[in-house]
1. Around A253, with a cut-off of 11 angstrom between Cβ atoms, what is the net charge of the other residues, counting Lys and Arg +1 and Asp and Glu -1?
2. Roughly speaking, what is the stretch gain from I262 to E200, that is 0.36 nm per residue apart minus the C-alpha to C-alpha distance, in nm to one decimal?
3. Run the quick spin-label model on E106 and E226: label points 7 Å from Cα toward the beta carbon, then report their separation in nm to one decimal.
4. Could you work out how much longer the chain between W239 and Q9 gets when fully extended? Use 0.36 nm per residue separation minus the Cα distance between them, nm to one decimal.
5. Using +1 at the C-beta of Lys and Arg and -1 at the C-beta of Asp and Glu, which of A111, P173, T126 has the Cα lying farthest in the positive direction of the dipole of the range 103-205?
6. Within 10 Å, count the other beta carbons around each residue, average over each peptide in 241-249, 211-219, 171-179, 111-119, and list them highest first.
Amino acid sequence: MPSWGNVKQALLFLKKKQQKNLTPIEPMPAKPPRTPTNKSFLLLFFKKAVLAFPYFISKIPRLSHADSRPISIAMTEENPPQTASSETDPSVAASDAAAPETESPEARIAALEAEVADYRDKWVRTQADMENLRTRTRRDVDDARQYAVQKFAADVAETAENLRRGLDTLPPPAPDESPLLTKMRDGFAGVERSFVAMLERNGVKAEEPVGSAFDANRHQAMSEQETTDAPPGTIIQAWSRTWMLNGRLLKPAMVVVAKAPISQPPVSQPLDIEA
């Protein structure tokens, strides 16, 4: 069994060996002295410039009120431009002498009044043109709103005429006619009345031309018929009605116009030769 002395010697030996194997710790290098950078130098220069600014301002001489003129004016007064004098150039002297006469106050006032009158005339003309443009535009918009369906309304009016022709083809009412025929006639008549009423609510109206005087703006003469029952120029028969769209002609009526009968020439009596 090892003694305490041997253990102590072994521990000392291991401690020495460990110290021998350890590398020495190098000390940290000392920080170099801080040198001023560009940023700190500029900041220092700015601070000194701010502190010295009042000193430099106090050294600038103050200008008096008489010397507070623009530099360009002062330079011009000191060194006036070299121009031809009126003494050496007679044309300049003549123009200088004529200038007060042409620029007199009366002439200037007359010129300004003429200019004002010209501008006023242009303004009045422009206002008139604008008012005419507004009126024309308003009329075009109203016409487009009222008559944009003119073609469609003409086709619908033709459909109403076909309904009337269908009613005219039916035989006239009779006491002994069939109840079915009576109901058919009444049904067609009701459809035709409701259809025409719908057209009238939308500005499409029909006019019966029979019995009225012939009007070339509303009627289209298909033929003339000699008769003594109506005065000449009166419509005695209508093949279709006159259709109007918001007061404007949509479809003219096709009519037959009465005219005076041609008088028969007197029959010549045979001459009695024997007498």
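Just so you know, all these numbers are worked out from the coordinates, no wet-lab data involved. Every value quoted in this text rests on a predicted model; they were computed, and no experiment measured them. Cβ coordinates were reconstructed from backbone atoms using ideal geometry, including for glycine residues, and neighbour counts include every protein chain displayed.
1. -1
2. 18.1 nm
3. Label-label distance for E106 and E226, simple model: 8.9 nm.
4. Using 0.36 nm per residue and subtracting the Cα-Cα distance, I get 67.6 nm.
5. It is P173, whose Cα lies furthest towards the positive end.
6. So the peptides 241-249, 211-219, 171-179, 111-119, ranked by packing, come out 241-249, 211-219, 111-119, 171-179.
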